[in-house]
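**Student:** The following block contains the structure, expressed as structure tokens.
Please treat every number below as a calculation from the coordinates, not as lab data. Since the structure is predicted, the reported quantities are computational estimates derived from the model, not experimental observations. In this analysis, Cβ positions are derived from the backbone assuming ideal geometry, glycine residues included, and neighbour counts consider all displayed protein chains.
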Amino acid sequence: MALNIAIDGPAGAGKSTIAKLVAKKLGIIYVDTGAMYRAMALFVNRRGLDGLDEEQVCSCLRDASISLSFQDGEQCVLLNGENVNDLIRTPEISGMASRISVYGDVRKKLVSEQQKIAEGTDLIMDGRDIGSCVLPNADLKIYLTASSQVRGKRRFDEMVEKGESCDLENIIKEIEERDYRDMHREISPLIQAPDAVLVDTSDMTIRQVVDAIMKLVEERR
Ligand code: DC
């Protein structure tokens with residue numbers, strides 16, 4: 001039986017950093033499902049569609065093929081065969097991904113792709129609905145969170161390090177707006193699955209979080 005680990009939680013909780021490190025320690029792949037919603041958002045943007053118009057967006061889903069490939073353990077997200085990893089981390093795409101991820105047909109398409117990837121493969125997958133919807137039988141489910149202030153400050157520090165200009169209050173506001181949308185959408189809202197373990201990273205170092213999760217993995221094995 002394959003080992004499937006699900007990590008859910010709000011934006012900026014450190015899911016991808018932690019999941020990558022845990023995947024490396026366990027020698028399994030890390031699947032970032034947010035990148036698939038982002039690739040779909042890029043498709044919508046390129047087509048010049050109105051992200052708020054569900055019918056417009058959903059009527060052209062069949063033209064967008066979104067898949068993943070793994071090179072040296074690194075995930076590449078492919079939009080109609082093109083590696084779009086470097087094009088999906090802009091604020092514009094973040095906003096569009098959050099808007100279109102509320103649509104049932106968008107979710108159905110990507111969830112089915114994610115379930116196919118997980119079948120028979122040892123992996124750690126992160127997102128918003130992994131424990132509650134994509135992998136309901138995951139061996140371990142983690143709900144990773146931190147206060148919006150802490151998440152905003154982490155994002156602020158990252159941007160300052162890259163030399164980008166930014167405003168902390170604004171970043172926190174954007175994070176809270178995104179949380180609200182992700183937690184209050186009708187279909188598959190971001191929730192802690194009843195059998196998920198809550199890990200609040202507000203006062204934890206990355207090392208402490210990785211160690212805590214590794215301990216949980218060992219217990220479940
Ligand atoms: O994790 P991220 O910031 O890259 O995700 C981008 C958007 O996609 C985010 O607003 C929520 C959405 N998303 C989702 O609805 N379900 C997932 N499994 C992953 C991401």
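**Student:** Please work out the Cα center distance from the range 186-221 to the range 63-103, rounded to the nearest Å.
**Tutor:** Going from one Cα centre to the other spans 25 Å.
**Student:** On to the next question. Using DSSP to call loops (not H, G, I, E or B), can you name the trypsin sites (Lys or Arg not before Pro) in the range 10-119 whose Cβ has at most 13 other Cβ atoms within 10 angstrom? All intermediate terms of the calculation are to be shown ahead of the outcome.
**Tutor:** Details: sites: LYS15, LYS20, LYS24, LYS25, ARG38, ARG46, ARG47, ARG62, ARG89, ARG99, ARG107, LYS108, LYS109, LYS116; in loops: ARG47, ARG89.
Within the range 10-119, the qualifying trypsin sites (Lys or Arg not before Pro) (loop, at most 13 other Cβ atoms within 10 Å) are ARG47, ARG89.
**Student:** Is the shape of the range 132-221 rounded, prolate or oblate, going by the alpha carbon gyration tensor and its root eigenvalues a ≥ b ≥ c, with a/c under 1.5 for rounded and a/b larger than b/c for prolate? Show your work: numbers first, answer last.
**Tutor:** Values: a/c = 2.92, a/b = 1.41, b/c = 2.07.
Note, shape of the range 132-221 comes out oblate.
**Student:** Among the listed pairs LYS116/LYS215; LYS25/LYS141; LYS20/LYS215; LYS153/LYS173; LYS25/LYS215, give every one whose C-alpha distance is greater than 20 Å.
**Tutor:** Values: LYS116/LYS215 28 Å; LYS25/LYS141 17 Å; LYS20/LYS215 16 Å; LYS153/LYS173 12 Å; LYS25/LYS215 12 Å.
Correct reply: LYS116/LYS215.
**Student:** Okay, moving on. Using the Cα centre as the reference, give the magnitude of the dipole from point charges on the C-beta atoms of the chain (Lys, Arg: +1; Asp, Glu: -1; all else neutral), rounded to the nearest 20 debye.
**Tutor:** That gives a dipole near 320 debye.
**Student:** Rounded to the nearest 500, what is the 222 nm mean residue ellipticity of the chain from helices alone, with -39500 (n - 2.57) per DSSP H run of 4+ residues and division by all residues? Display every interim value, and only then the final one.
**Tutor:** Working: 8 runs with 102 residues, N = 221.
It lands at -14500 deg cm²/dmol.
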